[in-house]
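The values are calculated or read from the model by the stated rules, or taken from the named source; none is laboratory data. The structure presented is a predicted model; accordingly, all values stated were derived computationally and were not measured. No Cβ is skipped: glycine too gets one built from the backbone with ideal geometry, and neighbour counts run over all protein chains shown. We work out accessible area using only protein heavy atoms, side chains counted, and drop any ligands, DNA or RNA first. Shrake-Rupley method; radii C 1.70, N 1.55, O 1.52, S 1.80 Å.
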Amino acid sequence: MAETKFDLIAIGGGFAGLTAAARAADQGLKALVLERDTDDRYLCNSRITSGVFHVASNDVRISADELAAAIEKETAGYAKPELSRAIAENAGPTVEWLRAIGVKFVAKGIGYVNLRQHLVLAPPRRMRAGLDWEGRGGDYTLRALEAHLIKCGGSVRRGAEVTGLVMTGGQCTGVRVVEGGAEREISAAAVVIADGGFQANPEMVNGSITDAPDRVRLRATSSATGDGIRMAAEAGAALTALGDFYGHLLAVAAMHNDALWPYPNMDVVAVAGVMVDGDGKRFVDESRGGVYLANAVAKLDDPLSATVIMSPGIWDEVGASGTAPPNPLLLDHGGTLIEAPDADGLAAAIGVPADALKATISAYNDAFTGDQLAALVPVRGEGRHQAFGLGDGPYSAIHICAGLTNTMGGIDIDAHCRVLKPDGNVIGGLYAAGSSTGGLEGGPNVGYVGGLIKAFAFGLIAADHASKN
């Protein structure tokens, strides 16, 4: 008969859950991870990650004050100050602990996070088209965490689906779980919800992320369906705004071609050129970066109506630069680059009104040559990503879609990762970590702080608090 009483239970076997349990176990707690999947190397976002450690695109090893300021800037003040500080103060120690238990890192220059040297989980992912996870950093790290957990007396149960929280007198005292077709309760002094966001749940995505979930590409595994968020809400937890996500722009062919996700993404050419909707008009400030642009595309009436327009020079030079560049990976793996000699031909090729498209290109070119990009509507910023002129043709273009990697909103928590009620009070015995949480990312900038640091640091914080209470 399986044991039914633990000090700490983590729901979900990704980075956040395994970190919380492994940390608890090496502090003497009896810890258990409940993972719904039955495979030995179950697929989750943690296993297929590119493995880049950063805090709001900054090296995790700089000072806590610098990291807190970076989060404040990236999120335009949206992040809860106590969560920003918790991440900033725990980023460096998190790396030290991971190294101590056998997780490996390499220092690499990463194009989409400020072109700096960053720590990357090793062995690093080979930045090529499609999935590339076996034996790579995410896969290796999950196995290292599980090995440390078991070494310290903890355990992982695969094929264990948590269906609800056990609440006693307003406190969380365990979980209800189905294993082998039988339902039972498992008690615990602390429960950590760590099963990810809700990106793989079309019903939850609908109306929050987009009104057309079938026209957005899931740039992730199908494991994160928002069950932990739902269970927390049923237990009386407060939820933060659910409308923002981390993701990138993909070629529209990725909707049906698995070789074109998660890489290559189209961000590098989108921020250099012009993005238009199905009416041939600009709809977003291209300089805001790929995460922001992916959110804007997802919120179009038709998320499959967007196109990136560029000069052949942008495609040849910018498109061939950076991490997993679209040129040549897009064409090498079945994607399409549209080419046209002039604006009329381009309008016909991408299926938008010619007059509107010509007006859009003309206005952009005039603003570019006259150094008046800030006067465009919508504005075209110049600080974060360099703009390039389009000229009078020829043109290149790519039909794009939004690639949804993980959601940013979720369970409201405090600096100790304790789950909060709407009145700000704590639900005793209940914690949340990783992408199941909200309050750190999103807001007007759709600010992205970093999925890995959010998983590992929050997992450690939750375990540390639980071990002392």
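Among the residues that make up the range 197-209, is at least one of them without any contact (Cβ under 8 Å) to a residue 24 or more places away in the chain and in a loop (DSSP other than H, G, I, E, B)?
yes
Considering only residues that are of a type outside the set (Gly, Ala, Ser) and either closer than 15 Å to PHE283 by Cβ or free of Cβ contacts under 8 Å to residues at least 24 places away in the same chain (or both), which ones fall in the range 359-375? Full working, then the answer.
First, pick out the residues of the range 359-375 that are of a type outside the set (Gly, Ala, Ser): 360-361, 364-366, 368-369, 371-373.
Selection gives THR360, ILE361, TYR364, ASP366, PHE368, THR369, ASP371, GLN372, LEU373.
Give me the helices (runs of 4 or more DSSP H) completely within the range 266-383, filtered to those with at least 1 residues that are more than 30 Å from ILE209 (Cα to Cα) and either of a type in the set (Gly, Ala, Ser) or open to solvent by 40 Å² or more (accessible area, probe 1.4 Å) (or both), ordered by residue number. Spell out how you get there, then give the answer.
On the way: elements: 267-270, 290-298, 312-317, 326-332, 343-350, 354-369.
Counting at least 1 such residues, we get 312-317, 326-332, 343-350, 354-369.
Being among the charged types (D, E, K, R), touching an Asp or Glu at 6+ places or on another chain (Cβ under 8 Å), over 26 Å from GLY443 (Cα atoms) and open to solvent by less than 30 Å² (accessible area, probe 1.4 Å) narrows it down to one of ARG23, ARG47, ARG36, so name that one.
From the options ARG23, ARG47, ARG36, the qualifying one is ARG47.
Just wondering, is there one or more residues in the range 219-238 that are open to solvent by 40 Å² or more (accessible area, probe 1.4 Å) and in a strand (DSSP E or B)?
So far as the range 219-238 goes, no, none of its residues is open to solvent by 40 Å² or more (accessible area, probe 1.4 Å) and in a strand (DSSP E or B).
Do you know which of the residues in the range 187-218 that are more than 27 Å from GLY174 (Cβ to Cβ) and hydroxyl-bearing (Ser, Thr, Tyr) is least open to solvent (accessible area, probe 1.4 Å)?
THR210
Exactly one condition in (1) touching a residue at least 24 places away in the same chain (Cβ under 8 Å); (2) not in a strand (DSSP E or B) is not met by VAL120; state its number.
(2)
Which ones in the range 71-85 are surrounded by fewer than 22 Cβ atoms within 10 Å (Cβ to Cβ) and among the aliphatic types (A, V, I, L, M)?
ALA76
Yes/no matrix, rows are residues, columns are (1) on the phi > 0 side of the Ramachandran plot; (2) free of Cβ contacts under 8 Å to residues at least 12 places away in the same chain; (3) open to solvent by less than 10 Å² (accessible area, probe 1.4 Å):
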| residue | (1), (2), (3) |
| --- | --- |
| ASN425 | no, yes, no |
| ALA432 | no, no, yes |
| GLY438 | no, no, yes |
| GLU441 | no, no, yes |
| LEU452 | no, no, no |
| ALA462 | no, no, yes |
| HIS465 | no, no, no |
| LYS468 | no, yes, no |
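Please enumerate the residues belonging to the range 404-454 that are of a type in the set (D, E, K, R) and not in a strand (DSSP E or B).
ASP412, ASP414, LYS421, ASP423, GLU441, LYS454, listed by residue number.
Only one of ALA91, ALA68 is in contact with a strand residue (DSSP E or B) (Cβ under 6 Å, 6 or more places away or on another chain), part of a helix (DSSP H, G or I) and open to solvent by less than 50 Å² (accessible area, probe 1.4 Å); which? Even if it seems obvious, please write down each step before you answer.
On the way: ALA68 fails: in contact with a strand residue (DSSP E or B) (Cβ under 6 Å, 6 or more places away or on another chain).
Testing whether each residue is in contact with a strand residue (DSSP E or B) (Cβ under 6 Å, 6 or more places away or on another chain), part of a helix (DSSP H, G or I) and open to solvent by less than 50 Å² (accessible area, probe 1.4 Å) leaves just ALA91.
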